[in-house]
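Below is one structure; the comments refer to it alone.
The values are calculated or read from the model by the stated rules, or taken from the named source; none is laboratory data. Please read these numbers as outputs of a predicted model, since none were measured by experiment. So basically every Cβ, Gly included, is an ideal-geometry build from the backbone, and we count neighbours across all protein chains shown.
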Amino acid sequence: MKLRPLHDRVIIKRLEAETKSAGGIVIPDSATEKPVRGEVIAAGAGKILEDGKVRPIAVKAGDKVLFGKYSGTEVKIDGEELLVMREEDLLAVIEA
Amino acid sequence: MKLRPLHDRVIIKRLEAETKSAGGIVIPDSATEKPVRGEVIAAGAGKILEDGKVRPIAVKAGDKVLFGKYSGTEVKIDGEELLVMREEDLLAVIEA
Amino acid sequence: MKLRPLHDRVIIKRLEAETKSAGGIVIPDSATEKPVRGEVIAAGAGKILEDGKVRPIAVKAGDKVLFGKYSGTEVKIDGEELLVMREEDLLAVIEA
Amino acid sequence: MKLRPLHDRVIIKRLEAETKSAGGIVIPDSATEKPVRGEVIAAGAGKILEDGKVRPIAVKAGDKVLFGKYSGTEVKIDGEELLVMREEDLLAVIEA
Amino acid sequence: MKLRPLHDRVIIKRLEAETKSAGGIVIPDSATEKPVRGEVIAAGAGKILEDGKVRPIAVKAGDKVLFGKYSGTEVKIDGEELLVMREEDLLAVIEA
Amino acid sequence: MKLRPLHDRVIIKRLEAETKSAGGIVIPDSATEKPVRGEVIAAGAGKILEDGKVRPIAVKAGDKVLFGKYSGTEVKIDGEELLVMREEDLLAVIEA
Amino acid sequence: MKLRPLHDRVIIKRLEAETKSAGGIVIPDSATEKPVRGEVIAAGAGKILEDGKVRPIAVKAGDKVLFGKYSGTEVKIDGEELLVMREEDLLAVIEA
């Protein structure tokens, strides 16, 4: 099943979080930590502005992103849990 | 009875959800899963902008769409349950 | 008593709802069903936009419309129950 | 005491409501009926728009109007109960 | 101490209310009556609009005005109780 | 430590309030009186408008101002209690 | 892990607060003091305005800033606690 998000919405797949301490010890995210990482699966064409022009979305499929834990709507597609949220809800792109 | 939605509203018929697990086993949506799928029955002419122009709706009759479980107003027309919601409430188009 | 709604308001008279099942059996709307049908009795001249222009209302007297159960303000005029609501609160026009 | 309402405000004097049934029997409004009728005593010069222009008010002194029961602020002027509300709160003009 | 209100704010001194019944009997405002009268002590230069222009305030020092009982912020200046509110909160000018 | 407020924010130092009654008797502000006086320590460059222009702030360092008791965010800088608030929260300039 | 904040968001690392009294005695911030200091780790390209132009952010990486205690979303990146917030939530730049 293929999804095409509308306007300024993006579809995100959560990523398992694995963080390293300063000393290099791997510390998995605890269940109580709120922000989450994800990969953009699909992005809409952009937000339609008041004058009718479209403002493209600043992320694209494949980008790793950071967002708040309670952002977006959960959808289950082909047995897979995905998130649909607005570009507005994305906090940052993880570049490396 | 034929309905013509006003402005940026769309009329949706819910679709029975049937999902497959990664291994191909069919898993019906449980009643507790929030997002829903539907088919667009009719779409309005579009949202009227502040300058009087009309911004057409990005979906059309026949499109399969994804929306949040609590979106829209339920209406019963000719014994059939339909949903009237704004284009704004649609999350994505299901393309295949 | 004749009412002229102001700006983007419309006056609606509720219509008794009668729906047919797929097999043709008439099922009256139960009291618990929220959306309602009505006939437009009068419509305002339209919404005044920020630049002073008037955006005409998309319905006219005689149109059958669909609206949410809790929309509008109830008024009793000449012993008759009417509803005054904004064009914004109308969901769809019933065309046949 | 003479009042000049500011901008888009109007001063209203409530009117005793008297309604007739379809058969001509006079039925006084019960205390529990929410909308009310009134006469416009004075109207402001109009709403000042963002570009500095003034949008005149669509009613004038002497007009009979319909409004929601809880609209406006009650003021007692020279022993008389009046209502000050915005043009926005007026539902319709009673024309006959 | 002299106060210069900023932008669209006005400084008001409450006026003792004294109302006459239709028959000429003086009836002092009871403590439970909500709207209040006052005299404008000072008015700001006006509201700054989005394009940078200033929209002058429609009242000036010396004007008698009507406002809602809970409008504005109470300030005590030189032992005198004053009110600072926005022009928006003023209902009407008392002209005589 | 020197602070440069951003955009339309101002930094305020509360002033001890001392008021005189009409007869000249000094009455200190009681703890229950809400509005407060202060001195502007620093003011931002101004609010950035939608078109990118900057609207300068109407007060400057050294100005005595009046504001609501609960306005702003308290900050402790070099052991000194200061307030950071928006120009919007300032009620009036105390001129003498 | 490198983060690129989107649009008008900034990434902040909290700074240990150490304040001096007027007499030079060092007073550490108590846990109950709300505002906080931080260093900007990264800043987005700026807020996209309605006309599509970008308004650059007024702070840059390395700037010391002041913000409210409850501003922003906490994120844990490589074992380090960071804050992602909007430029709007920044109160002032600490210049010395």
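Key figures
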| quantity | calculated |
| --- | --- |
| Members of segment D:50-85 found to be within 15 Å of D:Leu6 (Cα to Cα) and either hydroxyl-bearing (Ser, Thr, Tyr) or in contact with a His (Cβ under 6 Å, 6 or more places away or on another chain) (or both), listed by number | D:Thr73 |
| Selected residue [within 9 Å of chain C (Cβ to nearest Cβ) and at pLDDT 95 or above] from D:Leu6, D:Leu90 | D:Leu90 |
| Residues within segment G:64-75 that are outside any strand (DSSP E or B) and under 11 Å from G:Ile11 (Cα atoms), tallied | 1 |
| Flag for G:Ile12 being in a strand (DSSP E or B) and either of a type in the set (Phe, Trp, Tyr) or modelled with pLDDT of 90 or more (or both) | yes |
| Pairs, first within 13 Å of B:Arg37 (Cα to Cα) in segment B:65-77, second polar (S, T, N, Q), C-beta under 8 Å, six or more apart | B:Gly68/A:Thr73 |
| B:Ala45 being at pLDDT 75 or above, of a type in the set (A, V, I, L, M) and in a loop (DSSP other than H, G, I, E, B) | yes |
| Residue selected from segment G:69-94 under the condition among the β-branched types (Val, Ile, Thr) and closer than 15 Å to A:Leu91 by Cβ, by the criterion surrounded by the fewest Cβ atoms within 10 Å (Cβ to Cβ) | G:Thr73 |
| Residue list for segment E:49-61, filter: in a loop (DSSP other than H, G, I, E, B), in contact with a strand residue (DSSP E or B) (Cβ under 7 Å, 6 or more places away or on another chain) and more than 9 Å from every other protein chain (Cβ to nearest Cβ) | E:Ile57, E:Lys60, E:Ala61 |
| Residue in segment G:17-39 that is modelled with pLDDT of 90 or more and surrounded by fewer than 19 Cβ atoms within 10 Å (Cβ to Cβ) present | yes |
| Those residues of segment C:67-87 which are within 13 Å of chain D (Cβ to nearest Cβ) and either touching a Phe, Trp or Tyr at 6+ places or on another chain (Cβ under 6 Å) or among the hydrophobic types (A, V, I, L, M, F, W, C) (or both), in sequence order | C:Val75, C:Ile77, C:Leu82, C:Leu83, C:Val84, C:Met85 |
| A:Lys64 vs. criteria at pLDDT 85 or above and within 14 Å of chain B (Cβ to nearest Cβ) | no |
| Residues of segment G:56-90 that turn out to be touching a Pro at 6+ places or on another chain (Cβ under 8 Å) and more than 19 Å from G:Gly46 (Cβ to Cβ), as a count | 7 |
| Any chance F:Arg86 is more than 16 Å from F:Asp8 (Cα to Cα) and in contact (Cβ under 8 Å) with a residue 24 or more places away in the chain | no |
